[in-house]
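Working notes for the structure below.
The values are calculated or read from the model by the stated rules, or taken from the named source; none is laboratory data. Keep in mind that this is a model prediction, so the values were computed, not measured. Cβ coordinates were reconstructed from backbone atoms using ideal geometry, including for glycine residues, and neighbour counts include every protein chain displayed. Just the protein is used for accessible areas: all its heavy atoms, side chains included, with ligands, DNA and RNA removed. Shrake-Rupley method; radii C 1.70, N 1.55, O 1.52, S 1.80 Å.
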Amino acid sequence: FLGSSGLFYLGSALALGLRDKFEVYGTYNNHIIRIDGVSSSKVDILSSAELQDFLNLVNPDCILYCAGIGFDEAAENPQAAELLHFKVPSFFFKFYKKPHLFLYFSTEAVFGQEVYPADRKCFIEKDAPGPKQSFGITKVSGEGVVMGSNPSSFVFRLATLYGENMGGSFKVRSSWVNHIQNKIEKKQKVTAFTDQFRNFVYVGDVVRAVKK
């Protein structure tokens, strides 16, 4: 796993789901995370030297790229979004030439706010992406460099994840459902989007798809 600040929610779920079948290595930078059965290392993936040292040490057969920032963060800091979603993968394929599977986790937000085709009210994989915000734009760029650089690459366009708490006892990773539940239990105000349609996917289904 290559991540920007730990395995986070998706990475934690994948690590827990894959550790029984594979030897799993994860990276973190600022936020340490420990999961039983998973080897974790402090690696700044923005440092070419640290990234090369880590990959040479592990010599992975498969790389899961979970690094990135969220929708709101990308809007506030588009430079960081471009760096993590596009430039780091671009750099990676320039220096790491060993054969491997590469899994890139993208988003349904690559379809942005374009008008649906006249004959239906949803997007399908064959539709051309048309994002209007930094999050989707930089993910589209990342998809392009990944699919164009490595024939053994897969792109997962994920909807909004939900599921159980993940991670280890040292640091728990939660989905948005848990945050809303905590606010409701504390009788705090819960805000919601009014200008977007969101789809959802159970994180366990994502893990099963990755396994296949």
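Tabulated results
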item: Net charge of Cβ neighbours under 15 Å - reference THR138; Lys, Arg +1; Asp, Glu -1; result: -2
item: Fraction of alpha-carbon pairs over 17 Å apart in region 1-66 - percent; result: 32
item: Whole-percent pair-distance distribution, where bins are 5 Å wide, for the alpha carbons of the chain; result: 1, 6, 14, 18, 20, 18, 12, 6, 3, 1, 0
item: Lysines with Cα under 23 Å of LYS186, excluding same-chain neighbours fewer than 8 positions away; result: LYS171
item: Calculated [θ] (222 nm, deg cm²/dmol) that DSSP helices of n ≥ 4 give over the chain, each run adding -39,500 (n - 2.57); result: -10500 deg cm²/dmol
item: Where region 27-143 is the region considered: accessible area per residue in Å², 1.4 Å probe; result: 54
item: Amide H partners (placed H, <5 Å) of ILE63, local residues excluded; result: LEU101, PHE102, LEU103
item: Principal semi-axes in Å for region 1-118 [√(5λ), Cα gyration tensor, largest first]; result: 25, 17, 15
item: Entries in LYS21/LYS212; LYS94/LYS139; LYS87/LYS126 that, when Cα-Cα distance is taken, lie over 21 Å; result: LYS87/LYS126
item: Packing rank of 177-183, 138-144, where each peptide gets the mean count of other beta carbons within 10 Å, highest leading; result: 138-144, 177-183
item: DSSP beta bridges in the chain [antiparallel fraction, %, rounded to 5]; result: 15
item: Region 53-149: Cα Rg divided by the 2.2 N^0.38 Å rule of thumb; result: 1.21
item: Modelled FRET efficiency - R0 41 Å, VAL177 with LYS97, Cβ distances, 0.05 increments; result: 0.50
item: Alpha-carbon spread of region 101-160, three principal axes, descending order, Å; result: 36, 23, 21
item: Positive dipole terminus of region 58-200, leading residue within PHE86, SER174, ILE63 (C-beta point charges); result: SER174
